[in-house]
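Novice: Take a look at this one; I'll ask things after.
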Amino acid sequence: MLQIYNSLTNRKEPFQPIMPGKVRMYVCGMTVYDYCHLGHARAMVVFDMVVRYLRAQGYEVTYVRNITDIDDKIIRRAAELGVSVQELTERFIRAMHEDAAALGVLPPDHEPRATESIDGMIAMIQKLIDEGYAYVADNGDVYYAVSRFPEYGKLSGKRIEDLRAGARIEPGEAKRDPLDFARWKAAKPGEPSWPSPWGEGRPGWHIECSVMSTACLGNHFDIHGGGVDLKFPHHENEIAQSEAATGEKFVNVWMHNGHVRVDDEKMSKSLGNFFTVREILAKYRAEQVRYFLLASHYRGPLNYTAEALENAGSALERLYLALRGLDSQQPADLQAEPLYYERFTAAMDDDFNTPAALAVLHHLAREINRRRQTDPLAAARLGAILRELGGMLGLLQDDPERFLRAGGSGTGLSDDEIEALLERRRQARADRNFAEADRIRDELKAQGVIIEDGPQGTTWRRT
RNA sequence: GGCUAGGUGGCAGAAUGGUCAUGCAGCGGCCUGCAAAGCCGUGUAAGCCGGUUCGAUUCCGGCCCUAGCCUCCA
């Protein structure tokens, strides 16, 4: 039975979909004004893993991940770069899709954009005004009246009094209460704007997620995810808006992934200590990065270090080495070796414990290596299971030989050149000229090629 | 200051009231012409102080420390 840690109740709960066999899930995507950094990548990979596992367990999943393509930072960035808001957002949406694909992140079923949901936002804001949850201020802004929603703070565990003590009102705002937040911002000159019953303007943050999620998934759905930094105020405000507007419970299970850190500090744009996915992929293999992201539990912090990335690469290489040379035509019969499948499932059912699930993959690799000489058929069957379970994590889907020969760092030698050197070495070994054979091996090693002499001949891989 | 996580071996990182995590690195052995890969074996642990218990890394309390949120953020 799948247990998921619910941020709303702060404990693990058995997962019960609203509609049997179906899961409706929404995850907050990016605000597209720059390239994805590793923190964004973590969120994408973590929830991709969740979707893959749910599907592998037989659930029919509808997965929505939005794009926020209008907000203050986007407007500012476009102005800085001297391009239109649309040019800017298109550029970074394309980049985000490239990064996601590289990391093995499947496209969501729906990817709504804020700018395509303005009508829905206006409708929801109007509803909030009609119901008394929002008001039009003197300056033309529309604010949500937090005091009207008694359950405000239930997700983040905050009390309204505490929040009010630290809250402040920015110049130019016309809130009745410091906690109130803008739902519609009156247009300023030169900014993108849309017509509304309250005049030209643009939506405030938070409303787009309430609108896009309920539009795609209904007023009440199963899972809502995002980084922990969105818990407050973003998700708190989403609940306040959605439940006030629809009168229904919004989301059953809230899932929050932990931060990526650098030197024990949160990786973030404002601290400037971030690494973009592009920078990282220039140095490390995409699947290695994915392994790294899944090698610690999704709710915990994840420290970014070169050592950890290299460690992930070695661990992944071990799994591919186990798969190399096996008969890949064997079907994956998970029930044939129930021990591994049961342990894998037990790990994943425990709030998506991917580190424990990866340990099961390594147990499989060891068993394959033990048996590959004495019982190749059994080894191949275990290999099929290893690939199948790896697939549930979005790993091990590459051809092992291809993966190992590709290596991480580029080498100057082409495949043909390597093969030619290996042929010369074969001859040298046949002549028992080991000095020459070793010289060629050292030459290859200097070029980043590791060779292995086995019973079936010599194999090679790039480091 | 308020709220929330957490402090595990050389590093990363799980589970667990008494027995193996796992990976990387180390050491010994096997295999190999020598390597590599692999297999076998092995060492290293639980922030500090109390308490509960036959027994605690695991439960409870206090303290110390770290991170996050409280303002834009995945």
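Novice: Once you keep just the Cα pairs under 8 angstrom separated by 6 or more residues, what percentage relative contact order results for chain A? Numbers along the way, then the final one.
Specialist: Working: 713 pairs, mean separation 70.8, N = 463.
Computed value for chain A: 15 percent relative contact order.
Novice: I want to verify the translational diffusion coefficient of the range A:410-462 in µm²/s; compute it with Stokes-Einstein, Rh as the Kirkwood radius over Cα pairs, at 25 °C and 0.890 mPa s. Present the calculation step by step, with values, prior to reporting the outcome.
Specialist: Details: Rh = 11.0 Å.
So the translational diffusion coefficient is about 222 µm²/s.
Novice: Give, in nm to one decimal, the length gained when the segment between A:ARG164 and A:ALA359 is fully stretched (0.36 nm per residue of separation minus the Cα-Cα distance). Intermediate values should be presented prior to the final figure.
Specialist: Numbers: separation 195, 0.36 × 195 = 70.20 nm, distance 4.66 nm.
Computed gain between A:ARG164 and A:ALA359 is 65.5 nm.
Novice: Using the charge dipole of chain A (Lys, Arg: +1 at Cβ; Asp, Glu: -1 at Cβ; taken about the Cα centre), state which of A:ALA428, A:GLY82, A:LEU293 has its Cα farthest towards the positive end.
Specialist: A:ALA428
Novice: Hey, another quick one. State which stretch of chain A is the longest one without any exposed GluC sites (Glu not before Pro), exposure meaning a DSSP loop state and at most 15 other Cβ atoms within 10 Å. Kindly include the intermediate steps, with their values, before the conclusion.
Specialist: Values: sites that count: A:GLU131, A:GLU151, A:GLU200, A:GLU248.
Answer - A:249-463.
Novice: A further question on this structure: Please name whichever of A:VAL277, A:ALA167, A:PHE232 sits farthest to the positive end of the charge dipole of the range A:145-301, dipole taken about the Cα centre and charges placed at Cβ: Lys and Arg +1, Asp and Glu -1.
Specialist: About the Cα centre, the residue reaching furthest to the positive side is A:VAL277.
Novice: Run the accessible area of the range A:154-231 with a 1.4 Å probe and give the carbon-and-sulfur part as a rounded percent. Intermediate values should be presented prior to the final figure.
Specialist: On the way: 1870 of 3620 Å².
Carbon plus sulfur share of accessible area: 52 percent.
Novice: Please work out the FRET efficiency for the pair A:ARG424 and A:GLN373, using the Cβ-Cβ distance as r and a Förster radius of 22 Å; give the result to the nearest 0.05. If you can, show how the numbers build up before the last one.
Specialist: Details: r = 28 Å, r/R0 = 1.28.
After rounding, the FRET efficiency stands at 0.20.
Novice: What are the ³J(HN,Hα) values, in whole Hz, obtained from phi via the Karplus relation 6.51 cos²θ - 1.76 cosθ + 1.60 with θ = phi - 60°, for each residue of the range A:32-48 in sequence order, with x given for Gly and Pro?
Specialist: 8, 10, 6, 5, 5, 9, 4, x, 4, 4, 4, 4, 5, 5, 4, 6, 5
Novice: Find how many whole Å separate the alpha carbon centroid of the range A:1-33 from the alpha carbon centroid of the range A:129-159.
Specialist: For the range A:129-159 versus the range A:1-33, the Cα centre distance is 25 Å.
Novice: Sticking with this one: Would you work out the charge dipole size for chain A about its Cα centre, treating the Cβ of every Lys and Arg as +1 and the Cβ of every Asp and Glu as -1, and quote it to the nearest 20 debye?
Specialist: Details: 58 positive and 69 negative charges, 161 e Å.
The dipole of chain A has a size of about 780 debye.
Novice: Hey, another quick one. Of the listed pairs A:LYS158/A:LYS269; A:LYS12/A:LYS231; A:LYS73/A:LYS188, which have alpha-carbon separations greater than 22 Å here?
Specialist: On the way: A:LYS158/A:LYS269 25 Å; A:LYS12/A:LYS231 17 Å; A:LYS73/A:LYS188 15 Å.
Exceeds cut-off: A:LYS158/A:LYS269.
Novice: Calculate the spin-label point distance for A:ILE18 paired with A:GLN86, positioning each point 7 Å from the Cα along the beta-carbon direction, and give it in nanometres.
Specialist: So the label points at A:GLN86 and A:ILE18 sit 3.4 nm apart.
Novice: Turning to a different aspect of this structure: Based on DSSP, what percent of beta bridges with both residues in the range A:48-200 are antiparallel, to the nearest 5? List each step's numbers first, then the result.
Specialist: Working: 6 of 8 bridges.
Around 75 percent of the beta bridges assigned by DSSP in the range A:48-200 are antiparallel ones.
Novice: To the nearest µm²/s, what D does Stokes-Einstein give for chain A at 20 °C and 1.002 mPa s, using the Kirkwood radius over alpha carbon pairs as Rh? Before the final figure, lay out each step's value.
Specialist: On the way: Rh = 24.8 Å.
For the chosen part, D equals 86 µm²/s.
Novice: Enumerate the amide H contacts of A:VAL23 below 5 Å, restricted to partners 5 or more residues apart or on another chain; note that Pro and chain-start residues carry no placed amide H.
Specialist: For A:VAL23, the qualifying residues are A:GLU60, A:VAL61, A:THR62.
Novice: In addition: Using amide H atoms built in the peptide plane, which far-off residues or other-chain residues are under 5 Å from A:LYS12 H to H?
Specialist: A:ASN6
Novice: Kindly provide the helix-only [θ] at 222 nm of chain A, computed as the sum of -39,500 (n - 2.57) over DSSP H runs of four or more divided by all residues, to the nearest 500 deg cm²/dmol? Each step should come with its number before you reach the end.
Specialist: Working: 16 runs with 206 residues, N = 463.
The helix-only estimate for chain A comes to -14000 deg cm²/dmol at 222 nm.
Novice: When the dipole is taken about the Cα centre of the range A:283-405, and only Lys, Arg (+1) and Asp, Glu (-1) are charged at their Cβ, what size is it in debye, to the nearest 20?
Specialist: Numbers: 15 positive and 17 negative charges, 76 e Å.
Here the size comes out at about 360 debye.
Novice: Two decimals is fine: what is log10 I(q)/I(0) at q = 0.11, 0.13, 0.14 Å⁻¹ for the range A:283-405, from a Debye sum with one equal scatterer on every Cα and no solvent?
Specialist: So the normalised log intensities work out to -0.35, -0.49, -0.57.
Novice: I'd like to know which of A:TYR53, A:PRO203, A:ALA100 lies farthest towards the positive end of the charge dipole of the range A:18-261, counting +1 on Cβ of Lys and Arg and -1 on Cβ of Asp and Glu.
Specialist: Result: A:TYR53.
Novice: Residues with beta-carbon under 9 Å from that of A:ILE18, excluding A:ILE18: net charge, scoring Lys, Arg +1 and Asp, Glu -1?
Specialist: Working: positive: A:LYS22, A:ARG24; negative: A:ASP222.
Computed value for this residue: +1.
Novice: Which of the aspartates and glutamates could a cross-linker bridge to A:LYS175, judged by Cα under 14 Å and excluding same-chain residues fewer than eight apart?
Specialist: Qualifying aspartates and glutamates at Cα under 14 Å: A:ASP138, A:ASP141.
Novice: Another one. May I ask for the angle, rounded to the nearest 10°, between helix A:118-130 and the longest principal axis of chain A, with both axes built from Cα atoms and the value confined to 0 to 90°?
Specialist: That helix lies at roughly 40 degrees to the long axis.
Novice: A further question follows. Quick one: pull the percentage of alpha-carbon pairs in the range A:18-261 with a separation above 32 Å.
Specialist: Numbers: 5962 of 29646 pairs.
Counting pairs separated by more than 32 Å, the tail of P(r) holds 20 percent.
The values are calculated or read from the model by the stated rules, or taken from the named source; none is laboratory data. Nothing here was measured: the structure is a model prediction, and the numbers come from that model. Cβ atoms come from the backbone with ideal geometry, glycine included; neighbour counts cover every protein chain shown. Note: areas computed on protein heavy atoms with side chains; ligands, DNA, RNA excluded. Shrake-Rupley method; radii C 1.70, N 1.55, O 1.52, S 1.80 Å.
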